Amino acid sequence: MRKKRVAVIVVLLMAAAAGGAYWRWRQGQPEQAQTELVLYGNVDIRQVELAFNGSERIAKLAAQEGDRVKQGQLLGSLEKVRLENIVARVAAQVKAQEQIVERLVAGSRPQEIHKARAEKEAAAAEARNANQIYERRRPLAKQDAISKEQTAVARNNARAAEARLRAAGEVLDLAVEGPRKEDIAAARATLEAYRAELAFEHQRLMDADLFAPTDGVIQNRILEPGDMASPQRAVYTLALTNPVWVRAYVPENQVGKIWLGMSARVETDSYPGKRYEAWVGFISPTAEFTPKSVETTELRTKLVYQVRVYVCNPENQLRLGMPATVTIPLDQPVANERTEADRCKQN
């Protein structure tokens, strides 16, 4: 029995010695460089609440839940009769004011000037006649041949004729000179105000149509034709499915190995063997404690940084919440960051 115990002790000592030798050998070997970083996360999809930029009753909606839509595609329209009538009324005001401005800029017509000159000549003749009558009556008044009242009437008629002559001369000068610059400027300012109002009403009419701001999938259709729309009431919920992004977390001791624009690969359990081209689009500037739902080989109490890895999803295979594995090769050169739209088009 004692011999067996001695044999077991000898074997254990030999194993410990061998393990120590192996450990010392490993310590002397150069550490292998890490070639890739593997992260685990879930697919996230951004959503857009689409609403009409106007308050009117909905006339028609052209998309159903689940429809894939393209950027610029018509999704719905409001009733437009009232808006079209407002546009027509303001457009008429603009045309009328344009005519006023043109009339002021053109000045007096030749016929108006001729008329003013003729009126001045008539006033001059009338003034001459009145003066002649007065001059004839003055000597007669001194000789008491006529009454003083007749002389005063002749004098007043002459003065009134002179005043009418001066007035006719001013009218002729105004006709020749044309409208005042201030009147022209005021008319032009009124015209610009009408044109601005017309542009505003045109925009309101255009806002009666709702277009898709980008490619995506209609996730919810909230309102129906006949409902009263407003900017505060969403009509559709649009899911932006290309690109999507995977929310993952990088341990604090690994965050220095990645940068924005870095290429990556994404794989899912739903499509085994299929790899999606991706890139690092966001690295959080602040650290946080590892969320409980994150799978990592490090201790959960260690600090991590949130990373968003953007993934092109042209076939709409990646769905919200789907678990995904992200592989980032670390031996790639630094590339310039590109926008997500350009990146997906190139892929």
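Some notes on this structure:
- Failed condition for Glu135, given (1) in contact (Cβ under 8 Å) with a residue 12 or more places away in the chain; (2) more than 27 Å from Ala193 (Cα to Cα): (1)
- For segment 72-107, the set of residues classified as touching a strand residue (DSSP E or B) at 6+ places or on another chain (Cβ under 8 Å) and of a type outside the set (Lys, Arg) consists of Gly72, Gln73, Leu74, Leu75, Gly76, Ser77, Leu78, Glu79, Leu83, listed by residue number.
- Within segment 272-291, if we keep just the residues that are assigned to a strand (DSSP E or B) and over 17 Å from Val309 (Cα atoms), the residue that is nearest to the chain's Cα centre (by Cα) turns out to be Glu288.
- When Gly256, Gly216 are checked against the criterion of being outside the structural domain of Val307 (by TED's automatic domain parsing) and within 30 Å of Arg275 (Cβ to Cβ), Gly216 stands alone in meeting it.
- Set Leu104, Leu50, Leu78: member being hydrophobic (A, V, I, L, M, F, W, C), more than 25 Å from the chain's Cα centre (by Cα) and buried (at least 16 other Cβ atoms within 10 Å of the Cβ): Leu104
The values are calculated or read from the model by the stated rules, or taken from the named source; none is laboratory data. What you see is a predicted model, and the numbers here were worked out from it, not measured in a lab. Virtual Cβ from ideal backbone geometry, glycine too; neighbours counted across all protein chains shown.
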